[in-house]
Amino acid sequence: MERFEAIDENGKKIVFELIETFGMNDSEYAVLNSKDDDYTYILKIIYDKDKNMSLEGIDDEELNSAIEVYEELKFKKE
């Protein structure tokens, strides 16, 4: 699995492992596990004009929708 580092809003380095990506409503999302805690994160994948990728947090409503879609996708794979 792909691993990468990010800096959180407090300046702390976090190591993430990419679990999966999926699409919803014309957007892409990344499912990540943190090596520093037991949480799973879903972040929006954003591309700039030069096609460089970055990850962005999402609001609670979008997160709840993304969780539903991701759980449905996981269920279909099982």
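Grab the other residues whose beta carbon is less than 12 angstrom from that of VAL69, score K and R as +1, D and E as -1, and report the net. Write down the numbers at each step before the final one.
Values: positive: LYS74, LYS76; negative: GLU20, GLU28, GLU62, GLU68, GLU71, GLU72.
Result for the local shell: -4.
Counting pairs on different chains as well as pairs 8 or more places apart, how many Lys pairs in the chain have Cα atoms under 26 Å apart?
Final tally of qualifying lysine pairs is 11.
Quick one: if you stick a label point 7 Å off each Cα along the C-beta vector at ASN64 and ASN25, how many nm between them?
For the pair ASN64/ASN25, the computed spacing is 1.2 nm.
In 5 Å bins starting at zero, report the fraction of Cα pairs in the chain per bin as a rounded %.
That works out to 3, 13, 24, 26, 20, 11, 3, 0, in percent per bin.
With only Lys, Arg, Asp and Glu charged, each at its Cβ (+1 for the first two, -1 for the last two), find how big the charge dipole of the chain is about the Cα centre; round to the nearest 20 debye.
On the way: 10 positive and 22 negative charges, 80 e Å.
Computed about the Cα centre, the dipole is about 380 debye.
Using only Cα atoms, locate the centre of the stretch 20-37 and the centre of the stretch 46-71, then give the distance between them in Å, rounded to an integer.
7 Å
Relative contact order for the chain using alpha-carbon pairs under 8 Å, separation at least 6, rounded to a whole percent? Write down the numbers at each step before the final one.
Working: 110 pairs, mean separation 13.7, N = 78.
Contact order relative to length: 18 percent.
Provide the gained length on full extension for the span ASP38 to GLU2, in nm with one decimal, where the gain is 0.36 nm per separating residue minus the Cα-Cα distance.
Numbers: separation 36, 0.36 × 36 = 12.96 nm, distance 1.74 nm.
That works out to 11.2 nm of additional length.
Every read-out reported here was derived from the displayed coordinates using simple, explicitly stated rules and does not represent laboratory data. Since this is a predicted model, take the numbers as computed values, not measurements. Heads up, the Cβs are rebuilt from the backbone with ideal geometry, glycines too, and the neighbour counts pull from every protein chain shown.
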